[in-house]
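**Student:** Below you will find the structure I want to go over with you.
The values are calculated or read from the model by the stated rules, or taken from the named source; none is laboratory data. All figures in this text were calculated on a predicted structure; none of them were measured in a lab. No Cβ is skipped: glycine too gets one built from the backbone with ideal geometry, and neighbour counts run over all protein chains shown.
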Amino acid sequence: MLKRVLMAGLCAAALTPGLARADLFDWSVDPWTGDVGDAQLTVGGAADGTLFAAHQPAFPGLERTKATGMATLYANLVRTYDTGMVLALKSSFQIYRDKYSFDNYGGDLVEKVYGSLQTGLGRVELGMTDGAAYTLAVTGPVVDAVTSLDNPNTTFYLDPTTGAPFVAIFTPNSAVEPTLNFAKVSYYTPRIFGVALGASFTPSEGKGVLPWIKNGPAVPNKQRGMWELALSYQGESGRLSYGLSGTLAVGHAVSKTPGHHGLTDWAFGAAADYTLSDEMTVSFGGAYRQTNQYAFNLNNALAVGGTRALHLSTKLAWNAWQLGGEYETGSADGSLGLPDLGLHAYQVSLGYQLNTNMQLTTGWQQQHYARSAGVFYNGANRISMDAWFLHLNFHI
């Protein structure tokens, strides 16, 4: 209850006409920094609170919660040498979340812990962090990544039969991300003539900070020896700047059961910004992904059928304001008794940058799911949901 009251009060204060921005929001907070020997320690974080009004088919016991939130802590230790080499130890921890808020990493307390070595020849990363395919992916502009349709960190709908987020059945994600925060080693080239290359090797689904320490869960059809390759290009021409990416991930299935296969996952994306004036920029882009993981479940890579996701988006930025629209569609081919799944969704968002630390976003989204066999909790093979939301992000 206290969490809801605090979030409601903060969001209400942000919208109160009588409060001048200069009185309440004309400030900024920098991350805490301190020296640790010859290195510099930086500690920051992010907190998110969302008020929402969701509409989904009724069901006995369906929760009517109207607020959600999460908090993350970051800590980086960086040493820069006279030669220009940069050695860093980076980490992030999700210190609070509720059932409506989740992340890419399964709700782990420890999201990332990894080392980084940067030289003129490129960057090497070792530990629990994102793979090259996800790091270099281009997926199109969004007003607010937390509430975006594509790979969201906050949902507004629960499945009353399980108590879990409804979108867990098939969460759209147009960036190749099968290795999540599994321990890995990655290399990124410097960007030369606009081109950067990346490669990652993830030996297992283990989260033992360093590769080869843990083998991950003892489940059938788990993936081993996963490779990721990524190509990114950035360019500009006059008022137009643009980016392109192509990414691929492959793996080898162990403890394999009939009808399953090693991982294949690829995507391409493009985005562009066009400067209309000194104060206004329009952006547009999107990405397409295809994989043999059923509904993006790494331990269910099928020999027959595939899963696809397409994300298209646009955004207009004017001073502190951002107005954006998103469209997402996806499908998962079922086999081995699994149903075909389909989804399509729409979203409109309006964001306002209160200061360098805070952004307030309001919007509306609608999601539609369908399945070829079986029913959803509403007793039908189709279900539609929509929600209005007000999201406040505070980051340091």
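**Student:** Out of all the residues in the range 176-196, which are part of a loop (DSSP other than H, G, I, E, B) and either buried (at least 24 other Cβ atoms within 10 Å of the Cβ) or not aliphatic (A, V, I, L, M) (or both)?
**Tutor:** Residues satisfying the conditions are 176, 177, 178, 179, 181, 182, 189, 190, 191, 193, 194.
**Student:** Here's a follow-up. Go through (1) more than 18 Å from residue 134 (Cβ to Cβ); (2) of a type in the set (S, T, N, Q); (3) modelled with pLDDT of 95 or more and name the single condition residue 335 misses.
**Tutor:** (3)
**Student:** How many residues are surrounded by fewer than 16 Cβ atoms within 10 Å (Cβ to Cβ) and part of a strand (DSSP E or B) when one looks only at the range 248-274?
**Tutor:** Qualifying residue count, the range 248-274: 3.
Residues are listed down the side, and each one gets a yes or a no for (1) surrounded by 19 or more Cβ atoms within 10 Å (Cβ to Cβ); (2) touching a residue at least 40 places away in the same chain (Cβ under 8 Å); (3) within 30 Å of residue 329 (Cβ to Cβ):
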| residue | (1), (2), (3) |
| --- | --- |
| 100 | yes, yes, yes |
| 116 | yes, no, no |
| 133 | yes, yes, yes |
| 152 | yes, no, yes |
| 164 | no, yes, yes |
| 174 | yes, yes, yes |
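**Student:** Could you tell me whether any residue of the range 238-247 is more than 22 Å from residue 173 (Cα to Cα) and assigned to a strand (DSSP E or B)?
**Tutor:** Looking for residues that are more than 22 Å from residue 173 (Cα to Cα) and assigned to a strand (DSSP E or B), one finds at least one in the range 238-247, hence yes.
**Student:** Same structure, new question: Suppose the filter is touching a Gly at 6+ places or on another chain (Cβ under 8 Å), under 24 Å from residue 247 (Cβ atoms) and touching a residue at least 40 places away in the same chain (Cβ under 8 Å); does residue 127 pass it? Show your work before the answer.
**Tutor:** On the way: touching a Gly at 6+ places or on another chain (Cβ under 8 Å): yes; under 24 Å from residue 247 (Cβ atoms): yes; touching a residue at least 40 places away in the same chain (Cβ under 8 Å): yes.
Criteria met by residue 127.
**Student:** What pairs come up if the first residue lies in the range 31-46 and is within 14 Å of residue 88 (Cα to Cα), the second is of a type in the set (D, E, K, R) and assigned to a strand (DSSP E or B), and their beta carbons are under 9 Å apart, counting only those six or more places apart or on different chains?
**Tutor:** Partner pairs satisfying both residue conditions: 36/79; 37/79; 38/79; 39/79; 40/79; 41/35.
**Student:** What number of residues within the range 326-342 are touching a residue at least 12 places away in the same chain (Cβ under 8 Å) and assigned to a loop (DSSP other than H, G, I, E, B)?
**Tutor:** Within the range 326-342, the subset touching a residue at least 12 places away in the same chain (Cβ under 8 Å) is 326-336, 338-342.
Among the residues that remain, those that are also assigned to a loop (DSSP other than H, G, I, E, B) are: 333-336, 338-340.
Selection size over the range 326-342: 7.
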